[in-house]
Amino acid sequence: MKLDLRQKFVVGNWKMHTTAAEARRLAKAVVDGIGIKGVGVRDEARVSVTICPPFPYLALVGKILNGSRVSLGVQNLYPEKEGAFTGEVSPTMLLDLGCKYVILGHSERRHKLGESDAFINHKVRVALAAGLDVILCIGETLEQRKANQTEAMLDRQLTCGLADVPADTLTRLSIAYEPVWAIGNLEHHATPQQAQDAHAVIRRRVAQMFGEKSAQALAIQYGGSVKPENAAALFCRDGVDGALVGGASLIADQFLAIVRAAISASQTQENSTTTAA
Ligand code: PGA
């Protein structure tokens, strides 16, 4: 996704959590915390905020987000327009519900549901063609990191995941670097340096595939146990353009604290750019 200079992108992935009542409460609390459109534009323009509830609550959450500064995203889709695909949901249906973003390639879908790079690539191309913005998740397992295969893994997931993606749609795509070992893990989250290094690898590979200009405009989020306690240290790192937040996005105060950390990091980065100029 193309962001304004230093704008951060914070996305809440609710996964398979919440009841209808909880979804309503949580969405309202996030909207109240972020403010309605046009209010506090100066700070809010520093961060783009999206929440991704489970499928059954998209309509009710969408209603609450309507007219707010928070966008609606979805956690998955099936890459066909329509047809005999029992239980699946098409991009058209999601657009009908007001979804702007879709998370694809999440490690839980890769590892627990067996989604292949080729299938994820198909989804990415179909989603972009349909008009949805894509958050493509990539990341290595602990075994791969220990075996020094992180770079090779990211390279493979990017090469396959972005194969045949038209260059002019790259402005509607962001990458979430989510090391598998850091997701939902209270003991292990990537250090800011590990995140920065991986983001640099990702940006370099995207530059090779799509050119330097596209790579510089690309938002790369970090995901994996992002919390209010570690968000600021991550966001101030070069090339860490936001976060994909799981667990902490289910608690409004925590999610809002992460959004505030993104706003301050953007302010600090802008000030230092201005001072250096
Ligand atoms: P987590 O989840 O923040 O709970 O680690 C992140 C994700 O899976 O997107």
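What number of residues within region 1-35 are among the polar types (S, T, N, Q), out of contact with any His (no Cβ under 9 Å at 6 or more places or on another chain) and at pLDDT 95 or above?
Result for region 1-35: 2.
Does Lys227 satisfy being away from the ligand (no atom under 12 Å from the Cβ), open to solvent by 20 Å² or more (accessible area, probe 1.4 Å) and of a type in the set (Lys, Arg)?
Criteria not met by Lys227.
Return only the number of the condition from (1) open to solvent by 50 Å² or more (accessible area, probe 1.4 Å); (2) in contact (Cβ under 8 Å) with a residue 24 or more places away in the chain; (3) within 24 Å of Ala27 (Cα to Cα); (4) of a type outside the set (Phe, Trp, Tyr) that Arg145 does not satisfy.
Result: Arg145 fails condition (3) only.
Name the residues in region 162-188 that are within 16 Å of the ligand (Cβ to nearest atom), buried (at least 16 other Cβ atoms within 10 Å of the Cβ) and either under 17 Å from the mean Cα position of the chain (by Cα) or over 23 Å from Gly247 (Cβ atoms) (or both), would you?
Hits for region 162-188 are Ser174, Ile175, Ala176, Tyr177, Glu178, Pro179, Val180, Ala182, Ile183.
Inspect all residues belonging to region 194-210 and state whether any of them is open to solvent by 20 Å² or more (accessible area, probe 1.4 Å) and within 16 Å of the ligand (Cβ to nearest atom).
Looking through region 194-210, at least one residue is open to solvent by 20 Å² or more (accessible area, probe 1.4 Å) and within 16 Å of the ligand (Cβ to nearest atom).
Regarding Leu158, is this residue more than 16 Å from the ligand (Cβ to nearest atom), open to solvent by less than 40 Å² (accessible area, probe 1.4 Å), under 21 Å from Thr50 (Cβ atoms) and at pLDDT 95 or above?
For Leu158, the condition - more than 16 Å from the ligand (Cβ to nearest atom), open to solvent by less than 40 Å² (accessible area, probe 1.4 Å), under 21 Å from Thr50 (Cβ atoms) and at pLDDT 95 or above - is not met.
Determine which single condition Thr50 fails, assuming it passes every other condition in (1) modelled with pLDDT under 95; (2) under 20 Å from Leu95 (Cβ atoms).
(1)
So which residues in region 237-276 are in contact with a Cys (Cβ under 8 Å, 6 or more places away or on another chain) and at pLDDT below 95?
Selection gives Ala265, Thr268, Gln269.
The values are calculated or read from the model by the stated rules, or taken from the named source; none is laboratory data. Note that the structure is a prediction, hence the values are computed from the model and not measured. Using ideal geometry, Cβ is built from the backbone for each residue, glycine included, and neighbour counts are taken over all protein chains shown. Each accessible area value is taken on the protein alone, full model and side chains, heavy atoms only, with ligands, DNA and RNA left out. Shrake-Rupley method; radii C 1.70, N 1.55, O 1.52, S 1.80 Å.
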